[in-house]
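Worksheet: the structure to be examined is printed underneath.
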Amino acid sequence: MEVNPPKQEHLLALKVMRLTKPTLFTNIPVTCEEKDLPGDLFNQLMRDDPSTVNGAEILMLGEMLTLPQNFGNIFLGETFSSYISVHNDSNQVVKDILVKADLQTSSQRLNLSASNAAVAELKPDCCIDDVIHHEVKEIGTHILVCAVSYTTQGGEKMYFRKFFKFQVLKPLDVKTKFYNAETDEVFLEAQIQNITTSPMFMEKVSLEPSIMYNVAELNSVNQAGECVTTFGSRTYLQPMDTRQYLYCLKPKKEFAEKAGIIKGVTVIGKLDIVWKTNLGERGRLQTSQLQRMAPGYGDVRLSLEAIPDTVNLEEPFHITCKITNCSSERTMDLVLEMCNTNSIHWCGISGRQLGKLNPSSSLCLALTLLSSVQGLQSISGLRLTDTFLKRTYEYDDIAQVCVVSSAVKVES
């Protein structure tokens, strides 16, 4: 009968430990009133407990730190750090030791070893230590593959490896909404939710715009000449809490004059989010390029350049319109018609010729109107007709204006 030889034990031992910061020690305070049966016994025990805070023994947080008891959670955007140690457990001198650490993700395999050079020899009871770092950029299953090769005193080449599997979780849920203004401005609302189990300190949430836009953050107010964040002095985000950030993007001057270019721009930019957790562990996420649905202006676009917020009842007021030929090839010959509504009455000649408008060019037009009804009134009833194609473009609900009684003084 054939007998298989026993499996040879390796001379070297491999140990791998994740490096994380400790956590504050917590205890469960047990106390009672002095008139109760235990009297001051429980309170005295808490005062004698070295883990409690002097003068604040009933707080759950103590002054001591606790070392990690398990692998813990790893979140996207954090830095994964690990300590790798190879120890010579034998009484022999081992030669040509090569330690290699690879991280296998769903899409790639990364070499994390600080050095790929072999160590000439390792004496008994000595070790080779290495610390690896990696900024986690993918969610899902990750496998840390640690391989060790060496040569024994007898010249035999040995090799073994170990696998350490862990999951990378998503720390934040980011949702975005776009609002296209008539003035070519784009407003971005970003909703950021903390979906971890611990609070986060939001160090930075900024928008990096595309090359065609400038960005203004609308997340602070001016108080006594000082810029103060709308979220208060403590920018902590508790687990499952959501915070909304608002940004305004304006086209750069060289692009704002070219209506055809801005009309088709869908790429807005990307969000850059930096946070800290627990004892200052830093995480960072950058979203992919955010894209909006390009507004459909058609061939001719009408936008408002100036309009008062509040006007008097039955008193004329002025608005300034901007008419843009969004076509890149065709010249238009435009006629303006002004149609009255139940509340809005236009002043001036309807059906007047505006003349020819070249491709991607604009003209500004001052118009006068009045309202016969109080309240918030919608400005409607403008019609533009292209005489070349015999095509009419209708513009209703262009803007809204607050109409008040003439007895109420309107601030200019």
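The values are calculated or read from the model by the stated rules, or taken from the named source; none is laboratory data. Since we're looking at a predicted model, the values are computed, not measured. Cβ atoms come from the backbone with ideal geometry, glycine included; neighbour counts cover every protein chain shown. For accessibility, only protein heavy atoms count, side chains too; no ligands or nucleic acids. Shrake-Rupley method; radii C 1.70, N 1.55, O 1.52, S 1.80 Å.
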Roll a 1.4 Å probe over the protein chains and send me the accessible area per residue for the chain in Å².
-> 59
Dimensions in Å of the stretch 335-412 - Rg and Dmax from alpha carbons | 15.0, 48
So for the stretch 6-47, using the alpha carbon gyration tensor with a ≥ b ≥ c as root eigenvalues (a/c under 1.5 gives rounded; past that, a/b versus b/c decides prolate or oblate), I'd call it prolate
For the stretch 131-216, count the residues as N, evaluate 2.2 N^0.38 Å, and divide the Cα radius of gyration by that value, please.
-> 1.98
Antiparallel DSSP bridges in the chain: what percent, to the nearest 5?
-> 95
At q = 0.10, 0.14, 0.17, 0.18 Å⁻¹, what log₁₀ I(q)/I(0) does a Debye calculation on the Cα points of the stretch 279-384 give, no solvent, two decimals?
-> -0.43, -0.67, -0.88, -0.95
Rounded to the nearest 0.05, FRET efficiency between Tyr179 and Phe231 (Cβ-Cβ, R0 25 Å) equals 0.75
Per 5 Å bin from zero, what fraction in whole % of the C-alpha pairs of the stretch 99-245 is there, up to the bin with the longest pair?
-> 2, 6, 11, 12, 11, 11, 10, 8, 7, 6, 5, 4, 3, 2, 1, 0, 0
If you project the alpha carbons of the chain onto the principal axes, what extent comes out on each, in Å, largest first?
-> 108, 74, 47
Between Asn340 and Phe255, Cβ-based FRET efficiency (R0 41 Å, step 0.05) works out to 0.65
Compare Glu329, Glu305 by solvent-accessible area with a 1.4 Å probe and give them largest first, with all protein chains kept in place.
-> Glu329, Glu305
Is the stretch 193-246 rounded, prolate or oblate when judged by the Cα gyration tensor, a ≥ b ≥ c being the square roots of its eigenvalues, rounded requiring a/c under 1.5 and prolate requiring a/b larger than b/c?
-> oblate
Could you pull the accessible area for Thr230 with a 1.4 Å probe, rounded to 10 Å²?
-> 80
Two-site FRET efficiency, Gln167 against Val53, from Cβ-Cβ distance with R₀ of 41 Å, rounded to 0.05 = 0.70
Let me know the charge dipole size of the chain about its Cα centre in debye, to the nearest 20, where only the beta-carbon of Lys, Arg (+1) and Asp, Glu (-1) is charged.
-> 1400
Violating pairs (Cα-Cα greater than 25 angstrom) within the set Lys100/Lys157; Lys15/Lys165; Lys137/Lys253; Lys204/Lys270 | Lys137/Lys253
Using all Cα-Cα distances in the stretch 31-149, what percent lands in each 5 angstrom bin from 0 up to the longest?
-> 2, 9, 13, 12, 10, 8, 8, 8, 7, 7, 7, 5, 3, 1, 0
Based solely on its DSSP helices, what 222 nm [θ] is calculated for the chain when runs of n ≥ 4 H residues each add -39,500 (n - 2.57) and the sum is averaged over all residues, nearest 500 deg cm²/dmol?
-> -1000 deg cm²/dmol
Taking only protein heavy atoms and a 1.4 Å probe, the highest-to-lowest accessible-area order of Met293, Met202 is Met293, Met202
With a 1.4 Å probe and every protein chain kept in, tell me what percent of the accessible surface of the chain is carbon plus sulfur.
-> 52
